[in-house]
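Reviewing the structure listed below.
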Number of protein chains: 2
Amino acid sequence: MSSDKKIPYKIYLNESEIPKQWYNVRADMKNKPAPLINPGTHEPMGFDDLRPVFCDELIKQELDNDTAFFDIPQEIQDFYKMYRPSPLVRAYCLEKALDTPAKIYYKFEGNNTSGSHKLNSAIVQAYYAKQQGLKGLTTETGAGQWGTALSMACAYLGLDLKVFMVKVSYEQKPFRREVMRTYGASVTPSPSMETEIGKKINAEHPGTTGSLGCAISEAVEVATTNEGYRYVLGSVLNQVLLHQSVIGLETKAALDKYGIVPDMIIGCAGGGSNLGGLISPFMGEKLRGEKDYRIIAVEPASCPSFTRGVYAYDFCDTGMVCPLAKMYTLGSNFIPSANHAGGLRYHGMSPILSQLYADGYMEAVSVEQTSVFAAAEQFARTEGILPAPESSHAIRAAIDEAMKCKETGEEKTIVFGLTGTGYFDLVAYQKYNDGEMTDLIPTDEDLKKSIDALPKV
Amino acid sequence: MSSDKKIPYKIYLNESEIPKQWYNVRADMKNKPAPLINPGTHEPMGFDDLRPVFCDELIKQELDNDTAFFDIPQEIQDFYKMYRPSPLVRAYCLEKALDTPAKIYYKFEGNNTSGSHKLNSAIVQAYYAKQQGLKGLTTETGAGQWGTALSMACAYLGLDLKVFMVKVSYEQKPFRREVMRTYGASVTPSPSMETEIGKKINAEHPGTTGSLGCAISEAVEVATTNEGYRYVLGSVLNQVLLHQSVIGLETKAALDKYGIVPDMIIGCAGGGSNLGGLISPFMGEKLRGEKDYRIIAVEPASCPSFTRGVYAYDFCDTGMVCPLAKMYTLGSNFIPSANHAGGLRYHGMSPILSQLYADGYMEAVSVEQTSVFAAAEQFARTEGILPAPESSHAIRAAIDEAMKCKETGEEKTIVFGLTGTGYFDLVAYQKYNDGEMTDLIPTDEDLKKSIDALPKV
């Protein structure tokens, strides 16, 4: 126990220790993730198929299952220095409050204005767009973390950015919208009258408040019909997990520095960008048979892709304009309850993580939203940080594991990813504070309906 | 210039380098700040006079003009480790955007959930209340930074907290309110029907949306009429500047580590808690004749205590229930325009800073709010951090000084305090983004009216 005394509350690496390469976990996977396929022909999408939508360099990263390390360009390294390395925090105060023998660490990615880990990939995608001589980017955003991160990256590099924001969020989350505008992005409520697909949806569903799938469709349309624009996405894709490996590499370097070997690594899972990034180097060791760790994905009981979905080809978007990806999915027309406040609303899951889960390298648990907010509150009061609802799924699971240790007396070392802060999620906190939050678990029938509608591949 | 290469983007001290003592600048002042006096008798307030309102240990700190260093209790040192040391950031990206030879550093205090430096004193005041065996604390809050910080501190220590929040903020800033509630504080809109003074004000001004002065009066009443409660204040007082010296001590330690000697130190000034804390050790050197620095207070043109106020005894609150303090003031019934969005709305100024300014140890400038938000936007886009409007006053002045260097070619070193983040100020940002922000400068006549109403001492 006395060696504990040497471990600071926050382990900060030096700037020189920020990773200079990203790690591509696919290189160590025996079973590679299934390729994206064309929804019409069911043929794998190659470089040329993807060029109208994505930047060239990013497509190369997307398709490369073999290169283990990719150099991080110097300009991105410099940008990373503005907000990285992020701290690996020893949750001494939470441990004390739980009275657990477990040792709990969290990698905190929320100390930047985007409020989450999304910035790690946003700057990369914007950088390669700039390198390619593009004018600008388009994207969609729901709650706004991704849109904010990309706005920051585009402001820094002088790129134009057009964000389609789900109309209901645009109206109910004006603050996120203003952050994006402050960074110079143009933010349009979706469905809009600026695109063909937007006009069509508005005509078919007058008064609709929009969906992520619709916003994706609009963003893709603008990117593909305007010279010098490309579309970017903040999760799910292989390239995004590659960029997010910076989280895991820093985490591992910080642990190694103090000789700490975790027993388990826990992350929340929506599209998988944070979880995939956090676990990458640890999963690499596991795949190579060098080490063993429990790796636990935590998802909302209201949108349980891993725990109640199927592993199959599906559309990445609810609008069904994108390629098909093989992933754990609830079906692209599954919509979580409107009362679902905890983020992680995506129907599918990163193809990389899906393959790893199918092959038995990961566990998954689902948690209910009232228990997630209870964990968030306990964490806020003891560790000082107001966590994002998404991140609080991981907190919930980490606390549950720490309480098991209390029962058994085991001094396990738990590492979890704290992806971001909850400053823009206070409507949900208010609901919890007022005792008005409920749990929302889809029925088997609900799931059957959307899963039965999966495309036949 | 090559030595610059060694200076990282962010200078983080080690946890062992967090100050273990606060520095009391009064010890090095030849002319001590004038004492608080009783508004009835005009006699200086002593320990016994202040006991019904404040905690004992804090009164000792308030009255002690001679002790240069106060030990920081271990429990507070441990709490500080959760969010300190805060980084001293080299603004490489801003420098590049300005194309200035100046070297710009900022001490960033916003990386905690309260979003500002207020937590540095909140935990101290809560700690001494706990030590004294009190049940809880009362306070007022306007925009909510102080209330949030105190909520976090009280949650950590298990103290009860009652916050009177100016009614208009309570209604228009529900998110700040929810953060406080998440930390377990009870938040009451002021004026309320829970206090005698609140009932009186509601009866006299039906439908009033409240003021800071009224909220202070209610908080003081609850503290003095309930067994086991005391009142706490987040700025102005000597004790608060003492606690906030942790900012300046860390800043100086970080600069010393790299052999950097600043030419000027810039801070925004409302009640003076951040500015006083940031400059303390530098001012100490200046007072002792060891070094010279330009020290610049930046205040809003709409509430210009230093630049257009008088140095005189005045009430600390608009409700006129508190002791009189000698300070630069616009008169306790001066109310900045309702359109004033930039914070720093306090009519007076810390007595310590007032004495130092009167003695010629500091400069002061006032800046207009549209130029403050222009600086905020430029800073956000280059340095990535969305700054609080208050902090952006210091950014404005720092940019102005850096642009002077560009003209003269001088490589001056500028240090400024970035007190916090603007996540809860997006209504003001929206106004700026929409081009609807105006400048608001009080007329000489306005000021004369409130200054003429100063108490006769």
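Nothing in this text is a laboratory measurement; each read-out follows from the coordinates by a stated rule. This one's a predicted model, so the numbers in the text were calculated from it and none came from an experiment. Positions of Cβ are backbone-derived with ideal geometry, glycine not excepted, and every protein chain shown enters the neighbour counts.
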Put in order of increasing Cβ neighbours within 10 Å, starting from the fewest, A:HIS340, B:HIS393, A:HIS243 give A:HIS340, A:HIS243, B:HIS393
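Shielding by partners for B:81-88, please: the mean number of other protein chain Cβ atoms within 10 Å of each residue's Cβ.
Working: counts 7, 10, 7, 2, 2, 0, 3, 0.
Per residue, the number of nearby Cβ atoms from other chains is 4 on average.
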Could you state the per residue volume, in Å³, of the convex hull enclosing the Cα atoms of chain A?
136
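Compute the signed sum of charges (Lys and Arg +1, Asp and Glu -1) over the other residues within less than 14 Å, Cβ to Cβ, of B:GLU363.
Here the count lands on -3.
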Under 16 Å by backbone N from the virtual spin label 7 Å along Cα-to-Cβ at A:ASN226, the residues of segment A:103-129 are A:126, A:129
Using a 4.7 Å cut-off between beta carbons, which cysteines in chain A end up with no partner cysteine at all?
A:CYS55, A:CYS93, A:CYS154, A:CYS214, A:CYS268, A:CYS303, A:CYS405
Suppose the Debye formula is applied to equal point scatterers at every Cα of segment A:337-457; what is log10 I(q)/I(0) at q = 0.22 Å⁻¹?
-1.34
Simple spin-label model, 7 Å along Cα-to-Cβ: A:GLU75 to B:GLU196 in nm?
6.8
Residues meeting the amide H criterion for A:THR421 (H placed from the backbone, H to H distance under 5 Å, 5 or more places apart or on another chain) are A:ALA388
In this structure, the FRET efficiency calculated for B:GLN132 and B:ASP359 from their beta-carbon separation, with R0 = 25 Å, to the nearest 0.05, is 0.10
So the FRET efficiency between A:ILE441 and B:PHE47, C-beta based with R0 = 51 Å and rounded to 0.05, is 0.25
The exposure ranking of A:HIS42, A:HIS347, fewest beta-carbon neighbours within 10 Å first, is A:HIS42, A:HIS347
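How much FRET efficiency would the formula 1/(1 + (r/R0)^6) give for A:ASN339 and B:ASP434, where r is the Cβ-Cβ distance and R0 is 35 Å, rounded to 0.05?
Details: r = 32 Å, r/R0 = 0.92.
Rounded to the nearest 0.05, the efficiency is 0.65.
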Relative to the longest principal Cα axis of chain B, at what angle does helix B:238-257 sit, 0 to 90 degrees, rounded to 10?
10
Compute the label zone of A:ASP452 within segment A:325-339: residues whose backbone N is under 14 Å from the point 7 Å along Cα-to-Cβ.
none
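Of A:GLU377, B:GLU368, how do they rank once you tally other Cβ atoms within 10 Å and put the fewest first?
On the way: A:GLU377 22, B:GLU368 18.
Going from least to most buried by this count: B:GLU368, A:GLU377.
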With θ set to phi - 60°, apply the Karplus curve 6.51 cos²θ - 1.76 cosθ + 1.60 along segment B:189-203 and write out the HN-Hα couplings as whole Hz, x wherever there is a Gly or Pro.
x, 10, x, 10, 9, 8, 10, 5, 5, x, 4, 4, 5, 4, 5
Can you spot the aspartates and glutamates whose alpha carbon is less than 14 Å from B:LYS291's alpha carbon? Ignore those fewer than 8 places along the same chain.
B:ASP28, B:ASP256, B:ASP263
At 7 angstrom along the Cα-to-beta-carbon line, where would the label on A:GLU436 sit relative to the other copies? Give the distances in nm, shortest first.
2.6
Report, to the nearest 10°, how far helix B:74-83 tilts away from the longest principal axis of the Cα atoms in chain B, using its own Cα long axis and a range of 0 to 90°.
60
With label points built 7 Å along Cα→Cβ from the Cα atoms of B:LYS291 and A:LYS257, find their separation and express it in nm.
2.7
Please list, ordered by chain and number, the residues whose modelled amide H lies under 5 Å from the amide H of A:LYS10; skip anything fewer than 5 residues away on the same chain.
A:ARG90
Gyration tensor (alpha-carbon) shape descriptor, segment A:305-368, a/c threshold 1.5
oblate
